[in-house]
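Some notes on the structure that comes next.
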Amino acid sequence: MRPYALLPAALLIYLNIPVTVAGMRRAHRAIHPVEKRNTSASVTVEVPPHAPSSASTVGRDLVGLSIEGDRWAEWVGPKQKNNYFISLLQNLGDITGQPPNIRIGADSQDHTFFDKTVDVATATFPASSVATPYPEADTVQVSSAYYDLSRYLPKGTHVVWGINLLSNNTANAVSIAKAITSTFSKGGIGNEPDLYAKHGYRGTANWTASTFVGQWESFAQAIIEATGLQAQTTKIWFGGMDISSNIAKWAPFSPQNLFATGVLNSSYSKYIDTYSQHHYQSSVCSTANGPAAAIGTFMNKATIRSNISEFDPDIAYVKSNGLAYIFGETNSISCHGYAGVSNTAAAALWAIDYTLQAVVHGISKLYFHEGIGYKYNMIQPVHLDRSPLDNTPTSLVPHIQPEYYAPIVVANFLGSAHTSHISELTIPASSPASSYLSAYAAYESGSSVLNRAVLINLNPFLSTSNATQSARPSTTVSLSLGTSKLPHLLNVRRLKIGYTDDTSGLSFGGVSYETSNGRPSGKPVVETVKVGSDGIASVVVSDSEAVLVEFTNH
């Protein structure tokens with residue numbers, strides 16, 4: 001996403017065509033708070049033994065990555081495999097049995113041109129700045145070798161490639177589509193085209209939902225005919241809008257207005273199975289947006305819910321038309337994130353709750369956006385010579401950021417079943433914990449038997465204000481499981497965080513992913529809690545901690 005003002009709606013359509021890290025990691029790593037807990041707060045949470053009828057069904061590929069395409073070659077190669085990045089993807093695949101889906105393109109796709117004379121890819125970039133140390137490219141030239149790099153991805157990875165609509169060059173789009181026919185699962189025509197008029201790429205008077213859909217259909221027809229899609233059972237993602245103009249009451253490019261053009265009744269409707277929305281919780285795209293939220297506001301439970309629930313009418317409308325609804329590009333704070341928030345442990349806790357809250361509201365997949373040197377990245381895949389925080393000279397080896405632990409926790413929560421039923425557990429409104437504690441349960445698809453729960457304490461515990469406390473505030477959560485066919489034991493693993501504003505030093509179940517090769521390290525730590533004869537089992541959850549509970553009889 002370019003450094004624009006908070007984005008209005010944008011449309012994508014995806015075709016299913018066959019060193020030291022000290023500059024990023026402050027002293028918090030070495031100075032952890034005491035482990036003593038102050039457990040004065042408590043709450044009882046009812047856990048249904050079987051999935052409620054209102055539970056959402058979701059696949060194990062819930063969390064994917066959206067990667068800025070201008071430097072895609074560096075993420076995976078280009079001359080040899082980037083084993084660090086691939087290992088971090090494989091970690092997730094090892095947990096669920098399915099590597100994360102990868103979308104490649106975003107802003108860059110609308111500045112990408114096919115050139116068979118290019119070795120892999122070349123790009124020109126605007127000057128870096130304190131606000132944007134690693135800007136998106138102005139122009140990218142690629143050959144087939146650029147797309148062939150997807151061969152380095154873990155086996156079974158589904159790839160979504162972006163196709164340039166902005167240049168209004170059908171021949172270029174066809175050349176790109178031909179180059180990627182055998183290397184990916186889906187493709188997207190255009191990135192956030194609702195912004196084209198705002199930024200001078202189309203005339204403001206005539207760039208409407210109808211005009212856009214007509215242009216997209218002409219591109220789709222050319223691509224379908226050139227790649228032989230008529231003979232294949234292919235599908236399309238349709239969408240790509242962002243918060244400032246996606247909601248029906250605001251947006252000329254809302255799904256309601258887009259579908260009113262008749263696109264779902266056209267000859268292309270058989271290719272459409274998914275509607276893709278772009279969304280960031282906050283923005284620093286312009287000074288008009290004001291500063292990004294402080295950590296406490298950013299990871300606030302009510303804020304997360306209001307960010308998701310405003311999409312409810314669109315989600316219901318899209319699903320009523322037989323399409324899946326996804327966040328095809330998302331993350332914490334748009335325009336590459338905000339230092340001191342997006343690159344901290346707060347982002348990990350936020351992303352766990354944000355992801356599962358999205359599922360509860362009917363969103364079936366989320367693609368977290370990444371770009372080399374972006375502040376909100378889960379993964380910084382290559383050496384950086386300028387700080388992502390302020391553009392000062394530095395030397396940073398490839399490393400993960402705290403948000404990477406979010407898909408690790410979510411993957412363990414979902415497990416390896418192809419689908420699971422997810423339900424949010426009710427925190428009694430009478431309890432103070434209702435304002436900061438989130439809880440979800442996962443049920444086995446088919447039998448609907450309770451498998452796991454995750455508890456997320458969103459109260460900040462900051463190095464700037466909590467470091468002198470002798471004990472960490474904590475909440476005792478009593479899980480009430482009923483008295484029939486009880487699980488005997490709870491296996492508990494914790495996402496351990498020093499302070500909420502830490503930029504490193506996290507671990508999950510005793511295992512760290514902050515290694516030079518991207519592979520997990522450390523002896524697993526699993527606590528065992530017995531379920532009482534009354535069906536109650538209690539787990540302590542500290543401020544700024546997430547706890548995964550597995551229900552078992554072993």
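Miscellaneous remarks
- Complete set of residues in region 474-492 that are under 29 Å from the mean Cα position of the chain (by Cα) and surrounded by fewer than 22 Cβ atoms within 10 Å (Cβ to Cβ): SER474, ASN491, VAL492
- Residue match in region 518-535 (condition: within 25 Å of ALA41 (Cβ to Cβ) and under 22 Å from the mean Cα position of the chain (by Cα)): no
- Filtered residue count, region 127-139, keeping only those that are crowded, with 18+ Cβ neighbours inside 10 Å and in contact with a strand residue (DSSP E or B) (Cβ under 8 Å, 6 or more places away or on another chain): 4
- Subset of region 92-102 [open to solvent by less than 10 Å² (accessible area, probe 1.4 Å) and of a type in the set (S, T, N, Q)]: THR96, ASN101
- Some residue of region 46-54 being among the aliphatic types (A, V, I, L, M), under 28 Å from the mean Cα position of the chain (by Cα), more than 30 Å from ASP273 (Cβ to Cβ) and modelled with pLDDT of 95 or more: yes
- Residue within region 299-306 that is under 30 Å from GLY262 (Cα atoms), open to solvent by 10 Å² or more (accessible area, probe 1.4 Å) and either at pLDDT below 95 or assigned to a loop (DSSP other than H, G, I, E, B) (or both) present: no
- Remark: pairs (first residue in region 269-295, farther than 20 Å from TYR376 by Cβ; second residue open to solvent by 30 Å² or more (accessible area, probe 1.4 Å) and modelled with pLDDT under 80; Cβ separation under 6 Å; 6+ apart in sequence or on different chains) = TYR271/LYS235; ASP273/LYS235.
- Residue within region 341-358 that is assigned to a helix (DSSP H, G or I), among the polar types (S, T, N, Q) and under 25 Å from VAL160 (Cα atoms) present: yes
- A residue that is of a type outside the set (A, V, I, L, M, F, W, C), in a strand (DSSP E or B), touching a helix residue (DSSP H, G or I) at 6+ places or on another chain (Cβ under 8 Å) and crowded, with 18+ Cβ neighbours inside 10 Å can be found somewhere in region 103-126.
- Those residues of region 330-359 which are open to solvent by less than 10 Å² (accessible area, probe 1.4 Å), more than 23 Å from ILE104 (Cβ to Cβ) and hydrophobic (A, V, I, L, M, F, W, C), in sequence order: VAL341, ALA345, ALA346, ALA348, LEU349, TRP350, ILE352, LEU356, VAL359
- Residues that are in a helix (DSSP H, G or I) and closer than 15 Å to GLU403 by Cβ, drawn from region 312-340: none
- Wholly within region 467-551, strands (runs of 3 or more DSSP E) carrying at least 3 residues that are basic (Lys, Arg): 489-496
- Residue in region 378-402 that is farthest from ILE67 (Cα to Cα), counting only those that are assigned to a loop (DSSP other than H, G, I, E, B) and under 18 Å from the mean Cα position of the chain (by Cα): GLN401
- Scanning region 266-297 for residues that are modelled with pLDDT of 85 or more and either part of a loop (DSSP other than H, G, I, E, B) or hydrophobic (A, V, I, L, M, F, W, C) (or both), we see that the one that is nearest to ASP501 (Cα to Cα) is ILE295.
The values are calculated or read from the model by the stated rules, or taken from the named source; none is laboratory data. Because the structure is a prediction, the values reported are computed rather than measured. Counting neighbours? That spans all protein chains shown, and the Cβs are built from the backbone with ideal geometry, glycine included. With ligands, DNA and RNA removed, areas are computed over all heavy atoms of the protein, side chains included. Shrake-Rupley method; radii C 1.70, N 1.55, O 1.52, S 1.80 Å.
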